[in-house]
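As structure tokens, the structure follows; a few thoughts come after it.
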Amino acid sequence: MRPSPSQSPPSSVAARVEDCVFAVKKRVALEPRIGVVLGSGLGAFADSLDDLVRIPYRDLPHMPSSGVAGHAGNLCFGRVQRVPVVCMQGRVHLYEGHSIEKVVHGVRTMARLGVHAVLITNAAGGLEPSWAAGDLMVVTDHLNLTGTSPLVGPNDDALGPRFPDLTMAYDSELRTILHSVAGEARIALREGVYAAQLGPAYETPAEVRMLRMLGAHAVGMSTVHEVIALRHMGVRVGALSCITNLAAGFSSERLDHVEVEATARSRRAAIATLLGGWIARAGA
């Protein structure tokens, strides 16, 4: 008998995620409570985990490897102040030619491994002329301008509901924890809306003006699909953007990915402090 449209087909998205989870559990016994996605130039944090176990994406079923500089391509397990953690050391993007399912496969795997909260980081272009490269922004909401979603197509009921509510996509308590850690460490944090575009070209000055009119404070090429996939599965989410450059029209400097990586690396210490403190508190 054929399954009804609402039932998950035999080779469903959930089944492919379970394949990946099974492969992970054969190699690591740690059961993570917290997940972290490390964006461009920010992957070094994973190397600092206690009891580190590193699994290259290429060794995991259905897990794509990134071809973008600054994305090492490892699933890293360990502890931060005794809190068990899993970190994605880099991600893949739609503009690399991957399917939307592949783009969110990593965070769906983290969710199935049992994490109850995920902090997603990214490198982003600043849309506020008064901001500067190196500023850090807590994401309060997003604009998905990529033209697609990880939930397009038949819904896999094993993952979540057909119509998930994104009113509180970015968890207010997790944001509060970030601000608390930053305040104690005297790290300045901004807040704002993150706009996601498909890429890989940087935005034109006209597009930057449009994004500002729409209410965005930063723009990038990632994050929103991961957030949607995690909220679909009931996982709480926070997000942190490193403003690595001012967007087109605000500076005479040529936009370049090398500069993006360099700026992100220059904030490693501050970001590591934020991540470590956030994990300890969110994990508690």
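The values are calculated or read from the model by the stated rules, or taken from the named source; none is laboratory data. The structure displayed is predicted, hence computed values, not measured ones. Ideal geometry is used to build each Cβ from the backbone, glycine not excepted, and the neighbour counts take in all protein chains shown.
Summary table below
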{"item": "When residues of segment 163-202 are limited to those that are surrounded by fewer than 19 Cβ atoms within 10 Å (Cβ to Cβ) and at pLDDT below 95, the one farthest from the chain's Cα centre (by Cα)", "result": "Ala201"}
{"item": "Counted residues, segment 236-266 - those being modelled with pLDDT of 80 or more and crowded, with 22+ Cβ neighbours inside 10 Å", "result": "9"}
{"item": "Qualifying positions in segment 95-134 - surrounded by fewer than 22 Cβ atoms within 10 Å (Cβ to Cβ), within 15 Å of Ser40 (Cα to Cα) and either touching a Ser or Thr at 6+ places or on another chain (Cβ under 8 Å) or not aromatic (Phe, Trp, Tyr) (or both)", "result": "Glu96, Ala133, Gly134"}
{"item": "Counted residues, segment 33-58 - those being over 10 Å from Cys76 (Cβ atoms) and buried (at least 22 other Cβ atoms within 10 Å of the Cβ)", "result": "8"}
{"item": "Search result, residues across segment 61-94 that are hydrophobic (A, V, I, L, M, F, W, C) and closer than 19 Å to Asp47 by Cβ", "result": "Val68, Ala69, Ala72, Leu75, Cys76, Phe77, Val80, Val83, Val85, Val86, Cys87, Met88"}
{"item": "Residue within segment 83-106 that is in contact with a His (Cβ under 8 Å, 6 or more places away or on another chain), farther than 24 Å from Ser12 by Cα and in contact (Cβ under 8 Å) with a residue 40 or more places away in the chain present", "result": "yes"}
{"item": "Test: residue in segment 91-114 that is in a helix (DSSP H, G or I) and touching a strand residue (DSSP E or B) at 6+ places or on another chain (Cβ under 6 Å)", "result": "yes"}
{"item": "Residue ranges of helices (runs of 4 or more DSSP H) in segment 170-284 with at least 2 members polar (S, T, N, Q)", "result": "172-185, 257-266"}
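One line per residue, one yes/no per condition, for (1) under 28 Å from Ser266 (Cβ atoms); (2) more than 14 Å from the chain's Cα centre (by Cα):
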residue: Met88; (1), (2): yes, no
residue: Glu96; (1), (2): yes, yes
residue: Ile120; (1), (2): yes, no
residue: Asp141; (1), (2): yes, no
residue: Leu151; (1), (2): no, yes
residue: Asp156; (1), (2): no, yes
